[in-house]
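This report refers to the structure that appears directly beneath it.
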Amino acid sequence: MDLGPRVDTSGLPMERRVRHSLEVARALSAWNRADEALDTVLAAEKMAPEQVRYHVLSRQLVLSWIRHQRSKPSTVLVDLARRLDVMD
């Protein structure tokens, strides 16, 4: 798992870089490293906001994080969910 975030994707097309980031976020999430996963999605969003907004993987991740919160979701997570249009 620790290899994924260290892979240099700078030579890849933006679409592939974003996909890699989302896959890393999914792996981090599976390892219960939700804060790191959220940071990874936010970094991908800075690179390519439209791709992250409409990518099914980013939407699934954010929606699952919202649904599995034991307490009130963070403002950062709620704002991201709204930008991805997975929450009112």
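The values are calculated or read from the model by the stated rules, or taken from the named source; none is laboratory data. Model, not experiment: these values are computed from the prediction. Heads up, the Cβs are rebuilt from the backbone with ideal geometry, glycines too, and the neighbour counts pull from every protein chain shown. Calculation scope for accessible area: heavy atoms of the full protein, side chains included, ligands and nucleic acids excluded. Shrake-Rupley method; radii C 1.70, N 1.55, O 1.52, S 1.80 Å.
Observations on the model:
- Looking only at segment 56-88, and only at residues there that are among the polar types (S, T, N, Q) and over 13 Å from the mean Cα position of the chain (by Cα), the one that is most open to solvent (accessible area, probe 1.4 Å): T75
- For the residues E45, E23, E15, the requirement of being at pLDDT 95 or above, of a type outside the set (F, W, Y) and out of contact with any Lys or Arg (no Cβ under 9 Å at 6 or more places or on another chain) singles out E23.
- From the list V24, V18, V41, the one residue that fits, being touching a helix residue (DSSP H, G or I) at 6+ places or on another chain (Cβ under 8 Å), closer than 17 Å to M87 by Cβ and not acidic (D, E), is V41.
- Pair list, Cβ under 8 Å, 6 or more apart: segment 1-23 residue more than 17 Å from V52 (Cα to Cα) and part of a loop (DSSP other than H, G, I, E, B), other residue open to solvent by less than 70 Å² (accessible area, probe 1.4 Å) and at pLDDT 90 or above: M1/A27; M1/L28; V7/H20; S10/R17
- Among residues of segment 27-43 that are under 15 Å from R17 (Cα atoms), those with a beta-carbon under 6 Å from a residue that is of a type in the set (V, I, T) and surrounded by 14 or more Cβ atoms within 10 Å (Cβ to Cβ) at least six positions away or on a different chain give the pairs T40/V24.
- Every listed requirement among (1) of a type outside the set (G, A, S); (2) in a helix (DSSP H, G or I); (3) in contact (Cβ under 8 Å) with a residue 24 or more places away in the chain; (4) open to solvent by 70 Å² or more (accessible area, probe 1.4 Å) is met by K46 save one, (3).
- Where a residue in segment 65-88 is without any contact (Cβ under 8 Å) to a residue 40 or more places away in the chain and hydrophobic (A, V, I, L, M, F, W, C) and its partner, wherever it lies, is outside any helix (DSSP H, G or I) and open to solvent by less than 80 Å² (accessible area, probe 1.4 Å), with Cβ under 8 Å and at least six apart: W65/P73; I66/P73; I66/V86; I66/M87; L77/Q69; V78/M87; A81/P73; A81/M87
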